[in-house]
Amino acid sequence: QVQLVESGGDLVQAGGSLKLSCVVSGSIFSINRMGWSRQAPGEQRDVVATFTNGGSTDYSYSVKGGFTISRGVAKNTLYLQMNSLRTEDTAVYFCNARILDHDYWGQGTQVTVSS
């Protein structure tokens, strides 16, 4: 079984920073792509950033300036550095990994940005 566990979510004030972490464990043969998505209350889950096996990254236009995605030396780890956080960044952040053409998701970690 493949499991993804996110951590690092917290309550922060606007302008602050957070770094989210994701660890993938279980029966992992090959991770083709990893990424972060988020879902605010009552809204659709949207992709924030992705990191491909080839090392390329892709960001949502709305967060590219302040967010940075990276992958650990241990390739089952993923990070999201979030700077200059805004109240509109408040959401549950999910880590996902594509393994053998199937997407696996974590339970999410709550990020709350206050005024």
Inset, instruction - Could you look at the chain and say what percent of its accessible area is carbon and sulfur, using a 1.4 Å probe and all protein chains? - result: 47 percent
Inset, instruction - Apply the Karplus parameterisation 6.51 cos²θ - 1.76 cosθ + 1.60, with θ equal to phi minus 60°, to every residue of the stretch 22-38 and state each ³J(HN,Hα) to the nearest whole Hz, in sequence, with x for glycine and proline. - result: 9, 10, 9, 9, x, 7, 9, 8, 7, 9, 7, 7, 10, x, 10, 10, 9
Inset, instruction - Please report the relative contact order for the chain, taking Cα pairs under 8 Å with a sequence separation of at least 6, and give it as a percent rounded to a whole number. - result: 37 percent
Legend entry - Under 5 Å, built H, 5+ apart or other chain: amide partners of Gly16: Leu85
Inset, instruction - Quote to one decimal, in nm, the extra length available between Ser27 and Asn53 on full extension: 0.36 nm per residue of separation minus the C-alpha distance between them. - result: 7.6 nm
Inset, instruction - Using Cα pairs closer than 8 Å and at least 6 residues apart in sequence, work out the relative contact order for the stretch 1-66, in percent. - result: 22 percent
Legend entry - Square roots of 5 times each gyration tensor eigenvalue, C-alpha, the chain, largest first, Å: 24, 14, 12
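Return one whole number: the accessible area per residue of the chain in Å², for a 1.4 Å probe.
Working: 6430 Å² over 115 residues.
That works out to 56 Å² for each residue.
The values are calculated or read from the model by the stated rules, or taken from the named source; none is laboratory data. Keep in mind the model is a prediction, meaning the values are calculated, not measured. In case anyone asks, the SASA skips ligands and DNA or RNA and just uses the protein heavy atoms, side chains included. Shrake-Rupley method; radii C 1.70, N 1.55, O 1.52, S 1.80 Å.
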